[in-house]
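What follows is a short report on a single structure.
The values are calculated or read from the model by the stated rules, or taken from the named source; none is laboratory data. From a predicted model like this one, the values you see are computed outputs, not experimental measurements. We place every Cβ from the backbone using ideal geometry, glycine too, and count neighbours over all the protein chains shown. When the accessible area is computed, the model is the full protein with side chains, heavy atoms only, and any ligands, DNA or RNA have been set aside. Shrake-Rupley method; radii C 1.70, N 1.55, O 1.52, S 1.80 Å.
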Amino acid sequence: TLPAGSTALDALKAVSGADTASGPDAKGYYTQGILKWSSTKWGNYISAVKVKDHSNTNKFFGDNGTASTWDGASKNKYSCLDELNHLEENLYNKANVTFNNTVNEVGYLSEKDYNNYSGWMIIINGNTNNLGCDQVLQDNDKVDLNFSMFMGLDLGQDSWVEDAAGQWIQADAWNSYVF
C-alpha cells in the first residue's frame, strides 16, 4: 500500500529489498536494494537491477543473442532474435550489428547491456504506453518491470529506432505484451 500520488518508481522502491536510498554515485545513479535509477531532466528511469554473478563471463544471452551457458540464464536464444535481425537488416543492411555483448555494471542487468538499445521498461496494467517510472499510480495498478533488448519492441511497445544514416524512424512492436 502506497500513499496517494505515488509513482511507479515509488512502488519499485517499496519492493526493492531496502528501506532507504543512497546516491547519487559517481555515475549519477541512486541505489535502493536491488534497484539503480537515474534522475534526469526528462524524468527518472531504472538503469540497473541487481542480478547475482551477472558479468561479461556470465550473461543472460551469449554472443549476438544466442543461448547462454550461464546456469541462471536463458538456455535458449533470445526469443525475438529473428525480429531483431530482420530490423537490423532493414536499418543497416546486415544483422547482428547492434550487439555489443558488454555488461556495463557487474552484478547488475543494466541499460545498454548487450546493445545500445537495451534497458528496463515499466509496464503498468499491461499497458506499455505510459510515463514509465514517473507515472502516478491509481488504486490497484499493477507495475511490471521488464528488460527489453531493443527499445521496448520485444515487450509490445511501438518505438523509435536509429537507422544507418542516423535518422530516427518509427518501428512497430514485434508482439503484444503478454507477461
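Observations, loosely collected:
- Look at the range 132-157: where a residue is closer than 17 Å to residue 44 by Cβ and open to solvent by 50 Å² or more (accessible area, probe 1.4 Å) and a partner is among the hydroxyl-bearing types (Ser, Thr, Tyr) and part of a strand (DSSP E or B), sitting 6+ places away or on another chain with Cβ atoms under 6 Å, you get 134/7; 136/7.
- Scanning the range 44-55 for residues that are open to solvent by 80 Å² or more (accessible area, probe 1.4 Å) and over 15 Å from the mean Cα position of the chain (by Cα), we see that the one that is farthest from residue 7 (Cα to Cα) is 53.
- Among the residues of the range 23-43, those identified as more than 14 Å from residue 110 (Cβ to Cβ), part of a strand (DSSP E or B) and at pLDDT below 95 are 39, 40, 43.
- When the test is whether a residue is open to solvent by 20 Å² or more (accessible area, probe 1.4 Å) and assigned to a loop (DSSP other than H, G, I, E, B), residue 10 does not pass it.
- Filter pass, residue 111 being under 20 Å from residue 144 (Cα atoms), open to solvent by less than 50 Å² (accessible area, probe 1.4 Å) and among the charged types (D, E, K, R): yes
- Top-ranked residue of the range 118-130 - restricted to ones that are under 22 Å from residue 34 (Cα atoms) and open to solvent by 30 Å² or more (accessible area, probe 1.4 Å), ranked as farthest from the chain's Cα centre (by Cα): 121
- The residue list 97, 15 contains one member that is modelled with pLDDT under 90 and open to solvent by 30 Å² or more (accessible area, probe 1.4 Å), which is 97.
- Leading residue by the ranking (most open to solvent (accessible area, probe 1.4 Å)) among those in the range 63-90 that are small (Gly, Ala, Ser), assigned to a loop (DSSP other than H, G, I, E, B) and touching a residue at least 12 places away in the same chain (Cβ under 8 Å): 79
- Residue check, residue 90 of a type outside the set (A, V, I, L, M) and at negative phi: yes
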